[in-house]
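The values are calculated or read from the model by the stated rules, or taken from the named source; none is laboratory data. Fair warning: this is a prediction, and the values are worked out from it, not measured in the lab. Using ideal geometry, Cβ is built from the backbone for each residue, glycine included, and neighbour counts are taken over all protein chains shown. Side chains are part of the model used for accessible areas, which takes the heavy atoms of the whole protein and leaves out ligands, DNA and RNA. Shrake-Rupley method; radii C 1.70, N 1.55, O 1.52, S 1.80 Å.
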Amino acid sequence: MYLRLLLGASGADADKAVREGEVLMAREPYNWQARATVALGQLRLGHHAQALDAFKGIKAEESSPVGPLAVRAVALEANGWKEGAKGDAQKLTAQHLLPEERALITPLLSDQSQ
């Protein structure tokens, strides 16, 4: 579901991804991939606050997976936390991301996002 969302799935597919991700989050609260799936689905549905909520109760650490951190940066930006989003995106530029994950954070690195 996460990859489908990265490739642009929205509407009913995004809603389904959110529901499935929430079930997995309930079973595995520290599953970053499930949280990223829920957040990206919420973003695709235009539910910015709920996207950020998907990352509540979990702290980013150096060992945290970078793909979900890219999604979190986009959720931060969508909720007005532009400087935090840009800072996170800058930290991720040297990391190995899928091209679609890199495309998510690229707008955060431009001068227009200041």
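Hey, could you check the stretch 89-100 for residues that are open to solvent by less than 30 Å² (accessible area, probe 1.4 Å) and touching a residue at least 24 places away in the same chain (Cβ under 8 Å) and say which is farthest from residue 40 (Cα to Cα)? Per the criteria, the residue is 92. Among the residues of the stretch 2-24, the ones that are buried (at least 20 other Cβ atoms within 10 Å of the Cβ), over 18 Å from residue 78 (Cα atoms) and over 12 Å from the mean Cα position of the chain (by Cα) come to 2 in all.
For the stretch 37-74, a residue qualifies if it is closer than 16 Å to residue 97 by Cβ, outside any loop (DSSP other than H, G, I, E, B) and of a type in the set (A, V, I, L, M), and the qualifying residues are 39, 40, 66, 69, 70, 71, 73, 74.
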